[in-house]
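**Student:** Have a look at the structure that comes next, please.
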Protein chains: 6
Amino acid sequence: MALDKTIVDTLSAVSTATLTTILLKKGLRNVWLRGPKPLRPSSLRLVGPAFTLRFVPSREDLATPESWASPKSTRAAIEDMPDGCIAVVDAMGITDAGIFGDILCARMRKRGVTALVTDGVVRDVEGVLGTGLPVWCQGWAAPPSVAGLTFVNWQEPIGCGGVAVFPDDLIVADADGAVVVPKALVDEIVALGPEQERLENWVMGEIEKGVPLPGLYPANAETRARYEAEMRKAGHRSRATD
Amino acid sequence: MALDKTIVDTLSAVSTATLTTILLKKGLRNVWLRGPKPLRPSSLRLVGPAFTLRFVPSREDLATPESWASPKSTRAAIEDMPDGCIAVVDAMGITDAGIFGDILCARMRKRGVTALVTDGVVRDVEGVLGTGLPVWCQGWAAPPSVAGLTFVNWQEPIGCGGVAVFPDDLIVADADGAVVVPKALVDEIVALGPEQERLENWVMGEIEKGVPLPGLYPANAETRARYEAEMRKAGHRSRATD
Amino acid sequence: MALDKTIVDTLSAVSTATLTTILLKKGLRNVWLRGPKPLRPSSLRLVGPAFTLRFVPSREDLATPESWASPKSTRAAIEDMPDGCIAVVDAMGITDAGIFGDILCARMRKRGVTALVTDGVVRDVEGVLGTGLPVWCQGWAAPPSVAGLTFVNWQEPIGCGGVAVFPDDLIVADADGAVVVPKALVDEIVALGPEQERLENWVMGEIEKGVPLPGLYPANAETRARYEAEMRKAGHRSRATD
Amino acid sequence: MALDKTIVDTLSAVSTATLTTILLKKGLRNVWLRGPKPLRPSSLRLVGPAFTLRFVPSREDLATPESWASPKSTRAAIEDMPDGCIAVVDAMGITDAGIFGDILCARMRKRGVTALVTDGVVRDVEGVLGTGLPVWCQGWAAPPSVAGLTFVNWQEPIGCGGVAVFPDDLIVADADGAVVVPKALVDEIVALGPEQERLENWVMGEIEKGVPLPGLYPANAETRARYEAEMRKAGHRSRATD
Amino acid sequence: MALDKTIVDTLSAVSTATLTTILLKKGLRNVWLRGPKPLRPSSLRLVGPAFTLRFVPSREDLATPESWASPKSTRAAIEDMPDGCIAVVDAMGITDAGIFGDILCARMRKRGVTALVTDGVVRDVEGVLGTGLPVWCQGWAAPPSVAGLTFVNWQEPIGCGGVAVFPDDLIVADADGAVVVPKALVDEIVALGPEQERLENWVMGEIEKGVPLPGLYPANAETRARYEAEMRKAGHRSRATD
Amino acid sequence: MALDKTIVDTLSAVSTATLTTILLKKGLRNVWLRGPKPLRPSSLRLVGPAFTLRFVPSREDLATPESWASPKSTRAAIEDMPDGCIAVVDAMGITDAGIFGDILCARMRKRGVTALVTDGVVRDVEGVLGTGLPVWCQGWAAPPSVAGLTFVNWQEPIGCGGVAVFPDDLIVADADGAVVVPKALVDEIVALGPEQERLENWVMGEIEKGVPLPGLYPANAETRARYEAEMRKAGHRSRATD
């Protein structure tokens, strides 16, 4: 799925904190992946369609170095990743076997993958950082994936960090972690996100002026009227968010 | 996969404790599913090919009562289960949403399913016991599956209780829990299992006579000779197990 | 709060499994208390208004045997419990200090308390069973509450097993565990519960006749028409449940 | 250490719940082993000196079936256990590898071992129950110890269920689990235990008569005077316990 | 409670490591909050009276964006916080819903709150860091508090990180985390803390000179005499600490 | 055990990620310690023989400040550490009591200890960093070891982070954590490690040139021939690694 550039640009300006608030108002409470955090602290926010990978636990007769050459290998999955996707890997939250090291991350980077998101860990952390591929994960470990994991397939529905992710759902990841926006809700979220960000920025300004919280946040009718007046003056067209 | 009756009969006489010992000698240390225990204490040992089902976490836009009618539903999976199979369900170890209640278990029973094995829980425990379907699970909970789980597919590789299970691997379940015998190893295990049981029973007899452990268990050369002599007298053909 | 006898009688015939299904259709997914199970296996279903108690962690200067005589003691709370209530105790899920032993449970029994529900454990399990007080808990431990817990108050909002419970919410507890029905929803649930039970019982009968799942459960239009015809014949007035 | 028969007889009449209360008054809050419960529900209370065993995690080059014949084996430890001891096994809380099965438990029974206590699990649960050896553990699993554990030594200080146990500390185990009484405190506990049991039984009688909790439990001066008068009448010499 | 400036100044020079040692010598072993760490690494040590807030789990009928305007809201609690207090928030250790974001933290900062301490997490981590409010927490997450938490009250006894905290207990927080000093013990700790710090600094100097540990730390009589002589020379009045 | 300088030099150039791959090919899957990470991010790789220390849980009658002067104290263990060793401490994964603070770490540094590795935590984190002793641990906490731990012995087999460590096994620690190389396998690993590093570096170069993964990694016959030709040209003697 090639993603409309407008979607990427718009959502790159909406924090995952704001996205979860908007999705909760739509009834979706479980959209933030538990575990993945940026491997290197950064202010980056990245947006892309999910390309999913799935592991099951290791079994000594399956998860061997030899298996790396099987047709259902992580290597084959990586060669199938489209430019701009975000690879989302279900590692069942296992933190004592690294799903990928520097070599696979370098290849993903070469192929134009936007980011790697997993509820597991990577290995050879300095090598992975060296590749420049943005990674959201639970940390790192020395052992290879086969010490705890068997790769089984890609582009299937997965669970990652306690959240359901389907191929081509939208992923937004920033300092707070990674959020899934279900494909069917993308247009609605794109419409609501920027307005919510604008409102929250305005509230921060009011706080700086010393306005107390009651009536300000959430806004009562008087506050809302004041906000909308200021926005109109500033040339923005406000859009009700709840 | 219809399973040879000899395999079922032979393995019905080999405990899961013995199976894990034999599989460990073949290099497989991770074959016992963590979590599943018999729902009702019993001496039953059941054997059958795995029929796998897979859940991911719930998402409010997906895991609704309405979803029960979708083509990728647990209902469709159950109607696809062959006589004699053991349904193995990857519920990601979630214990606060029951994967099945009395209605689905009753239907599985009707269809000739041998047993249900899961790292999750069932719901309406008294109703499920009433159906007579043998169940190995982590317990029970009142909430429906959609409160925590979204069903996605069947007959895929899964993880269950930290163990990889592939469709048509063999499952053996008894009081100690459930063990997977990888399909490719079944013949070998069928050949070794009964001899190992016979040896351990003989050792128990020696213990009863007051023989101390060193030299007896594991058996040294003298003990082994004595065992083999007795077995020959009893008409068994012994087979080295290590 | 004295509870209308009709409410108790009606909900005593509705399983907690059915209640969680109905509450989920109303948008409430988190109403089943994680942890509490019947201390002694039984088919009992009990209904009553919640009387809440709250513990915080122990602190050596506070949680002493002497504290048992303080005005904010569990003793004082018990003497305040009304006839027919269900005591719900927030023990923060701690399983290595028993909140109550035989003496306190015997006194609750004397005072007409319907049941004790907690995400913690009791102590002196044989003594507690001897009192005849129905208990839903996580098990039992020898140490006294002061080894891990400090009692602070009663009839406050609490968390119990990951669920919010407010004083006078309704509690229903059976073999599957304990469910909270928020006070404001009781009338609605009382109206819907029996019909849902009736429908599920009818479906079980169909399963017994060999009817396959698709179309039956959940019911399609044809099945629903057949069900309603049979119910009318049997003299029941059906009520749409979704 | 041969244990004075008077100690065994006296403590066999004092519940672990009472023991933890007395030890807490002496400043010991961490004496109840987290995890071990009777393998088969029973009213048995057993008392004996601790004979400790220690495992570390498994390593494929060490934890092999072959290792069972090493001089630092569980077999050698068992042959060293004195009559009347309670074997206390540090299995690091691991629940997916059984420390002992029927053969080792049968031999312990033969040697006069009073009980087995562990924060791990046993294997071949039906076989172990068949030996008649009383066992306190976390449950059972099919895999052999070598799948997760390497035995290293016996009669060393260990941790078991989060509690420090030294060789020859006293162990008391009943339905509530197992408690360690440090060797140096045994005489003091033997002196205080029976009186505390007597007091609690008297309080239960008062509760049955309908006496409310405040002033009764814990006893105020008036209650205590009444209790002591009744005890004197019954011919017991009371001993202050706090 | 306005806190005496001398107390703040004195304890600002005593590390939480030293405080836990002193409190342990007074019999308090459970005073360090498990979980809270500085959000941004820093050498800051802050001291203030606890202002407590309490959450229970979320319930869909309660934990809505609308609830933010209820009289029992976090907004109202914040407007009640006195200058110089340390807000201590019981979030039940939940790490997948942020208790506060940039707006609420900015307002706390405006009101002169010294620090925020919680066993939960914040949200919009970059925004929170931008406010300059010192925060000790378990990390951060994107979802709003209502996704997992319902706010119920303030200035009640709470548990935070497994420790009991009462309103107006003293909180000291530094790089090692946060420690509670029970109100009744503050004067005693203020008296002992600086001497303990002085002693440990002197010991570090001795280590640098190559003095071995035995006899030095803990100090035997000879070492102590030497230390006291040096302190007298330096004009300090030593005070026995054990 | 004085360690051959060649071993230290050789393994200082082999990452723990590479070591775990090589050990897995030898059948050892459980050699990476779960938990220990560098206390301060660094590119340091350190190598040394394990000097083991063992704690059990605390008991109020044992784990007192007074115990610091006992002959089985951490102080005595430290004075016994040889130059160049890596201290490996079994703290049972406990994270709320610091095993060592600045004083003990400073003394270890003075004695020439190469590094401290533990599955527990240190205390007074800034002080510990100030000593310059390289530390791999799970983090830090304010409370002293006696708040949760009792030291029992040194140079015994231990478990650390779920891995068995014997005295004089080799420890290699870098950014990815710490790995144990069993003493008996050291020579073999020293022979294989550098070649594996060389191969992986060459593969990274190929990735940079845009070579796709299939056939490259793992290398097929053609790739391997190409690699070996280049190495021969560069003057390296390749050594088969699987």
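Please treat every number below as a calculation from the coordinates, not as lab data. Not measured: the values here are computed from a predicted model. Using ideal geometry, Cβ is built from the backbone for each residue, glycine included, and neighbour counts are taken over all protein chains shown.
**Student:** Which residue in E is nearest the E/A rotation axis when you measure from the C-beta atom, and what is the distance in Å?
**Tutor:** Whole-Å result, nearest residue of chain E to the axis: E:41, 6.
**Student:** Could you sort the peptides D:220-233, F:186-199, A:46-59, A:101-114 by per-residue average Cβ neighbour count (10 Å cutoff), highest mean leading?
**Tutor:** Ranked by mean Cβ neighbours within 10 Å, highest first: A:46-59, A:101-114, F:186-199, D:220-233.
**Student:** How big is D for region B:1-159, in µm² s⁻¹ as a whole number, if Stokes-Einstein is applied with the Kirkwood radius of its Cα pairs at 10 °C and 1.306 mPa s?
**Tutor:** Reported coefficient: 98 µm²/s.
**Student:** Given the options A:95, A:144, A:132, identify the residue whose Cα lies farthest towards the positive end of the charge dipole of region A:42-174 (+1 on Cβ of Lys, Arg; -1 on Cβ of Asp, Glu).
**Tutor:** My answer, from the dipole projection, is A:132.
**Student:** Build a GNM of chain C with springs between Cα atoms under 10 Å: which of C:19, C:44, C:216 gets the top mean-square fluctuation?
**Tutor:** C:216
**Student:** Can you give the Rg/Rh ratio of region D:70-203, where Rg is from the C-alpha atoms and Rh is the Kirkwood radius?
**Tutor:** Value, to two decimals: 1.01.
**Student:** Among F:43, A:42, which comes first, second and so on when ranked by fewest other beta-carbon atoms within 10 Å?
**Tutor:** So the ranking, lowest neighbour count to highest, is F:43, A:42.
**Student:** Sticking with this one: Pairs of Cα atoms under 8 Å, at least six residues apart: use those to get the relative contact order of chain D, whole percent.
**Tutor:** 27 percent
**Student:** Moving on to the next point. Across peptide F:115-124, what mean number of C-beta atoms from other chains lies inside 10 Å of a residue's C-beta?
**Tutor:** Across the residues of F:115-124, the mean count of other-chain Cβ atoms within 10 Å is 2.
**Student:** Report the paramagnetic label zone for residue D:230: residues of region D:168-192 whose backbone N is under 19 Å from a point 7 Å from Cα along the Cα-to-Cβ axis.
**Tutor:** Within reach of a label on residue D:230, which here means backbone N under 19 Å from a point 7 Å along Cα→Cβ, region D:168-192 contributes nothing.
**Student:** Taking the DSSP beta bridges in region B:62-194 as the whole, what percent of them are antiparallel, to the nearest 5?
**Tutor:** The antiparallel proportion sits near 45 percent.
**Student:** Please say if the protein assembly as shown is rounded, prolate or oblate, where rounded means a/c under 1.5 for a ≥ b ≥ c the square roots of the C-alpha gyration tensor eigenvalues, and otherwise the choice is prolate for a/b larger than b/c and oblate otherwise?
**Tutor:** Since a/c stays below 1.5, the shape of the protein assembly as shown is classed as rounded.
**Student:** Treating the point 7 Å from Cα along Cα-beta-carbon as the label, what are the nm separations from residue B:212 to the other copies, to one decimal?
**Tutor:** 4.2, 6.7, 6.7, 6.7, 8.3
**Student:** What does the structure give for B:213-221 when I average, per residue, the other chain Cβ atoms found within 10 Å of the residue Cβ?
**Tutor:** For this peptide, the per-residue mean of nearby foreign Cβ atoms is 5.
**Student:** Can you compute 3J(HN,Hα) from phi for each residue in region C:157-167, using the Karplus curve 6.51 cos²θ - 1.76 cosθ + 1.60 with θ = phi - 60°, rounded to whole Hz and x for Gly and Pro?
**Tutor:** Per residue, the Karplus-derived 3J(HN,Hα) values read x, 9, x, 9, x, x, 10, 7, 10, 10, x Hz.
**Student:** Continuing with the same structure: Just grab the label-to-label distance for residue F:72 and residue E:126, each label 7 Å out from Cα along the Cβ direction, in nm (one decimal).
**Tutor:** Inter-label distance under the simple model: 5.4 nm.
**Student:** Quick one: label points 7 angstrom along Cα→Cβ at residue D:10, distances to the other copies in nm, smallest first?
**Tutor:** 4.6, 6.2, 6.2, 6.4, 8.1
**Student:** Another one. Between copies, how close do the residue E:228 label points come, placed 7 Å along Cα→Cβ, listed in nm from shortest?
**Tutor:** Inter-copy label distances (nm, one decimal, shortest first): 4.3, 7.8, 7.8, 7.9, 9.4.
**Student:** What average number of partner chain Cβ atoms lie no more than 10 Å from the Cβ of the residues making up B:171-177?
**Tutor:** 5
**Student:** While we're looking at this one, here's another question. Can you give the helix-only mean residue ellipticity at 222 nm for chain B, where every DSSP H stretch with n ≥ 4 adds -39500 (n - 2.57) and the sum goes over all residues, rounded to the nearest 500 deg cm²/dmol?
**Tutor:** Rounded to the nearest 500, the figure is -9500 deg cm²/dmol.
**Student:** Additional query: Determine the distance separating the Cα centre of region B:134-198 from the Cα centre of region B:21-53; give it in Å without decimals.
**Tutor:** Between the Cα centres of region B:134-198 and region B:21-53 lies a distance of 6 Å.
**Student:** All other residues with a Cβ under 11 Å from the Cβ of residue A:86 taken together, and with Lys, Arg as +1 and Asp, Glu as -1, what is their net charge?
**Tutor:** -2
**Student:** Measure off 7 Å from each Cα along the Cα-to-Cβ vector at residue D:40 and residue D:211, then give the distance between these two points in nanometres to one decimal.
**Tutor:** Inter-label distance under the simple model: 4.0 nm.
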